[in-house]
Amino acid sequence: MPKPRSTTLAAATALLAALTALTACARQGDAGGGAGDPDLPLTGTHWTVDAVTVDGGRSAAPDGARVDFAEGGRAQGDTGCNHFGASFAVDGATVTVSSEEVTERGCPDDLQRFEKAFLAAFTGPLKGTLKDGALTLASADGKRKVELTAEPSAPLRGTTWKVEGLVSQDSAASLPAGAGEKARLVIGADGRVTGNLGCNGFSATATIDEKARTLTVDGPAATTRMMCTGPQMALETKLYELLDGPLSYRVDHRTLTLTDGGGEGLTARAEPAQ
């Protein structure tokens, strides 16, 4: 017996509504951005700031502008004028930045203008687009944008490494006050190591095994003979003894760590290229 026309029409209407809903869901899935999208891999990355845009005005970044995304949701870097710190959280392609502190060093007007634009752009929820070593962070309305390029690690050779701390098997410590202004080392392409131990200049030859990541100074370092303050001399003695033997090295972006077999060693920071 045929079904009443009203019942058939109601069933067809319900089926059409269901198909419409399924089509809409499929289109949303095709567009991406769903809750299951993987988070942007930002933690442990380092970036050079190329430019920022605020309200349609794009400003090229000065030398030295950079952002590091560290462990624990901590972002820090340099605006080209002052150092800054912020917290960040990643949810899929969305990076939410909360500014926390900025140093207050005075800078030329052009650097201050860029800093103001950068701090205005690098805050709040931002959509991240990562492609071919470039990262763009943009607000939903597109009026704020930060353009970044991945920053490579400093090379072991040819970099001026400024000694910043001492390490042992169980701890790390900053240098004694007044001891570390001069302490630096440069490892040449030929393995020659030169620099300053905190008081006197030094030079030595070294054998570097890049596969094993070891650096072995060949014989005692030659030094100048100038007298300096107590903290400087104490640091010099420590570094002189450390360099007299095989060392393991590790380069973590712009930080160099040298340690001996007992875990004693130093940390140094790459200085900007001149």
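The values are calculated or read from the model by the stated rules, or taken from the named source; none is laboratory data. Every value quoted in this text rests on a predicted model; they were computed, and no experiment measured them. Neighbour counts are summed over all protein chains in view; Cβ atoms, including those assigned to glycine, are modelled from backbone coordinates with ideal geometry. Calculation scope for accessible area: heavy atoms of the full protein, side chains included, ligands and nucleic acids excluded. Shrake-Rupley method; radii C 1.70, N 1.55, O 1.52, S 1.80 Å.
Taking region 173-194 as the range and being open to solvent by 30 Å² or more (accessible area, probe 1.4 Å) and either part of a strand (DSSP E or B) or among the β-branched types (V, I, T) (or both) as the test, the residues that pass are A173, S174, R184, V186, R192, T194.
Determine, yes or no, whether V90 is in contact (Cβ under 8 Å) with a residue 12 or more places away in the chain and touching a strand residue (DSSP E or B) at 6+ places or on another chain (Cβ under 6 Å). Considered against the rule, which asks whether it is in contact (Cβ under 8 Å) with a residue 12 or more places away in the chain and touching a strand residue (DSSP E or B) at 6+ places or on another chain (Cβ under 6 Å), V90 comes out as no.
Residue count for region 195-215, restricted to those that are within 20 Å of G261 (Cα to Cα) and assigned to a loop (DSSP other than H, G, I, E, B): 4. For the criterion of being at pLDDT 95 or above and either more than 30 Å from D190 (Cα to Cα) or of a type outside the set (S, T, Y) (or both), A70 fails.
Select from region 113-172 the residues that are open to solvent by less than 20 Å² (accessible area, probe 1.4 Å) and polar (S, T, N, Q) and list them in ascending order. Scanning region 113-172 gives S139, T159.
Quick check on T79: is it more than 24 Å from V251 (Cβ to Cβ) and within 18 Å of the chain's Cα centre (by Cα)? Yes, satisfied. Put simply, of T48, T53 the only residue that is among the hydroxyl-bearing types (S, T, Y), assigned to a strand (DSSP E or B), over 17 Å from the mean Cα position of the chain (by Cα) and at pLDDT 50 or above is T53.
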